[in-house]
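Beneath this line is the structure, given in structure tokens, with notes to follow.
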Amino acid sequence: MSLSDAKALLAEALQVAPATLGDEARLGAVEAWDSLAHMRLILAIEEKRGAPLDAETAAGIESLADIARVLAL
Amino acid sequence: MMPRQPQRPPLRRPPRPLKIETERWLLRTLVPADASERWCGWVADPEVMGPVNTAPRTMTRAELAAYIARFDQETRLLIGIFERASGLHIGFYQVDLNPRHRTASLNVIIGDKSFWGRKVVLETRAALLDHLFRNGTEKALGAPLARNFPAVFNYKAQGWRLEGILKGQCRPMYGGPRLDQYQYGLLKDDWIAMRRKAAP
């Protein structure tokens, strides 16, 4: 799973165009990344992986890089 | 002979009743007269109560008023969140103060779902933290369920420290495996430093 795939997933959860997200996108620095978007994001990651995330993994998702890392697991 | 401990200033409890205004919201101490059909509706709504692992239930206004009256508003605070523009009551904080350890445990529910995703918690909890830390609290505590993703977002976005993962801490409402819970903490000095850094 590439960074651009992760960006597409994040953009869908945030309901924004992927081009509006930089490679350094992270929670707290992107206006559209709010509490509901975060919920959509975690659920989308779980759907991609086909299993719920454990608490340790879910707790570590704070940036685009984190999403790419978790999707690659 | 034991060395003398430096004297700490006495703990000042938040004034009663509490009233805090932010840009968009008003926080104030709730009283039994605030019991409303709207609030009874939140208690009965599985989408509102599920994330805090509480079974929805039917509650009358009188029962809700009695529940509100049980808060002493000194060490157990029940604080309403109101939209300033409309006066609409949209949610509430429950805050448990521990005077000995100078901690404050915070729980929040935004009952009116039309306000979800509008950063109500970030704005109101910042003001509430300012208030608590000015009045003797030295550490704030929060313990969301691990799968309460919106709540977890709010702790992360506000700079709270994840201090632990409590595995299988809670029995679920409707069966299934036990639920994990996060323990978040925020020290007064860390909060003040964050506020200073964010100041223009």
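The table below gives the values:
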item: Residue within the stretch A:43-63 that is more than 27 Å from B:Arg178 (Cα to Cα), open to solvent by less than 60 Å² (accessible area, probe 1.4 Å) and at pLDDT 95 or above present; result: yes
item: Single condition B:Arg178 does not satisfy, out of (1) under 26 Å from A:Glu31 (Cα atoms); (2) within 12 Å of chain A (Cβ to nearest Cβ); (3) out of contact with any Asp or Glu (no Cβ under 9 Å at 6 or more places or on another chain); (4) of a type outside the set (Gly, Ala, Ser); result: (1)
item: Count of residues meeting criterion [in contact with a helix residue (DSSP H, G or I) (Cβ under 9 Å, 6 or more places away or on another chain) and of a type in the set (S, T, N, Q)] in the stretch B:107-121; result: 1
item: From A:Leu71, A:Leu36, A:Leu9, residue being of a type in the set (A, V, I, L, M), facing chain B (nearest Cβ under 9 Å) and not in a loop (DSSP other than H, G, I, E, B); result: A:Leu36
item: Of the criteria (1) facing chain A (nearest Cβ under 9 Å); (2) within 17 Å of the chain's Cα centre (by Cα); (3) exposed (fewer than 15 other Cβ atoms within 10 Å of the Cβ), which one B:Ala157 fails; result: (3)
item: Where a residue in the stretch A:22-33 is closer than 17 Å to B:Glu123 by Cβ and its partner, wherever it lies, is among the acidic types (Asp, Glu) and assigned to a loop (DSSP other than H, G, I, E, B), with Cβ under 7 Å and at least six apart; result: A:Leu27/A:Glu62
item: From A:Glu24, A:Glu31, residue being open to solvent by 70 Å² or more (accessible area, probe 1.4 Å), more than 29 Å from B:Gly168 (Cα to Cα) and more than 14 Å from every other protein chain (Cβ to nearest Cβ); result: A:Glu24
item: Qualifying residue in the stretch B:54-74 (condition: in contact (Cβ under 8 Å) with a residue 40 or more places away in the chain and among the aliphatic types (A, V, I, L, M)); result: yes
item: Filter pass, B:Ala151 being within 16 Å of A:Glu62 (Cβ to Cβ), of a type in the set (A, V, I, L, M) and touching a helix residue (DSSP H, G or I) at 6+ places or on another chain (Cβ under 6 Å); result: no
item: Residue in the stretch B:106-120 that is touching a Lys or Arg at 6+ places or on another chain (Cβ under 9 Å), surrounded by fewer than 19 Cβ atoms within 10 Å (Cβ to Cβ) and not in a loop (DSSP other than H, G, I, E, B) present; result: no
item: Sole residue being at pLDDT 95 or above, open to solvent by less than 20 Å² (accessible area, probe 1.4 Å) and not in a loop (DSSP other than H, G, I, E, B), chosen from B:Leu129, B:Leu166, B:Leu162, B:Leu141; result: B:Leu129
item: Selection count where residues are open to solvent by 50 Å² or more (accessible area, probe 1.4 Å) and in a helix (DSSP H, G or I), scope the stretch B:27-50; result: 6
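Yes/no per residue for (1) within 14 Å of chain A (Cβ to nearest Cβ); (2) of a type in the set (A, V, I, L, M); (3) in contact with a Gly (Cβ under 6 Å, 6 or more places away or on another chain); (4) in contact (Cβ under 8 Å) with a residue 24 or more places away in the chain:
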residue: B:Arg84; (1), (2), (3), (4): no, no, no, yes
residue: B:Ala104; (1), (2), (3), (4): no, yes, no, yes
residue: B:Lys113; (1), (2), (3), (4): yes, no, no, yes
residue: B:Lys119; (1), (2), (3), (4): yes, no, no, no
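The values are calculated or read from the model by the stated rules, or taken from the named source; none is laboratory data. Just so it is clear, the model here is predicted, and its values are computed rather than measured. Note that each Cβ is placed from the backbone with ideal geometry, even for glycine, and that neighbours are counted across all protein chains shown. Accessible surface areas use protein heavy atoms only, side chains included; no ligands, DNA or RNA. Shrake-Rupley method; radii C 1.70, N 1.55, O 1.52, S 1.80 Å.
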